[in-house]
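Worksheet for the structure shown next.
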Amino acid sequence: MNMPVAVAFLFFLSGCSTEFNTATGRQETFLYGDEKEKSIGASVALEVEKTFKFDTDVDINERVEKILKRITAVCDRQDLVYTIRVIDKDDKYNKDDDVNAFSLPGGYVYIYRGLIELNLTDDQLASVIAHEVSHVVAKHAMKRLQGSYGALALEGLAIASGSGAAAVGVNLAASSVLFANSREDEFQADQLGVKYMKKAGYDPLQMRVMLGKLLEYQNKQPRHPLNYWRTHPYIPERMARADAEAKGKPEFRDYLNVTGEEK
């Protein structure tokens, strides 16, 4: 799936705006407004709908939707209509990457059936959903798109000049920028996720437990380009920070985990 292509034209049409981000607590400048963000998210969501097969299990869908509603009811962005879909394990694009989750601008959250089947409790599943909602709230994907502006512009120039090989190379670079979650974004999404879990009545300590289950699964699997630990890196350090955030202060074992001395 080529998401940079799906959003490129909308992205170039965006305008510039400065606003106070209630989630990050910062005044930030964007190349778009909220309506453009929603438009971009809706366009990419359409591509996702065409690409993946979704799970129709009623109980699973009701479970994730209930959790999503509790999390979004207390999050810092109430201007969006949030949705969540479960990607089926049997999907042809989901053979080697059945433990993952991602979100799109505008309030679209997707979770893979394989992740749910790691025997996650509701609190642990809430930590995954809260993390993805936090990416939306903090506008992380839109910031990555903004960072990709130069690469997308170069791709457009390459196409216009008839240089197909150059366009492919630039497109791959843009894709890498778009889907690479930075350390800051991941830690911030965890921090906000813990905050929303607390406010929604979930146990925030279960974020660390969930991450521990992911780490255990990771250590048993071969590496693939788009698995969870590729798109959501730094799991050991995230475990330590999430635990410290949930408790309100770091403990000695957290510092050991950050430095890699704790397994």
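Nothing in this text is a laboratory measurement; each read-out follows from the coordinates by a stated rule. Not measured: the values here are computed from a predicted model. Note that each Cβ is placed from the backbone with ideal geometry, even for glycine, and that neighbours are counted across all protein chains shown.
What the table below lists for this structure:
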{"item": "Derived scalar couplings ³J(HN,Hα) [the stretch 196-202; Karplus, 6.51 cos²θ - 1.76 cosθ + 1.60; whole Hz; x for Gly, Pro]", "result": "5, 4, 4, 5, 8, x, 9"}
{"item": "Peptides 61-68, 188-195, 214-221 ordered by average Cβ neighbours within 10 Å, highest first", "result": "188-195, 61-68, 214-221"}
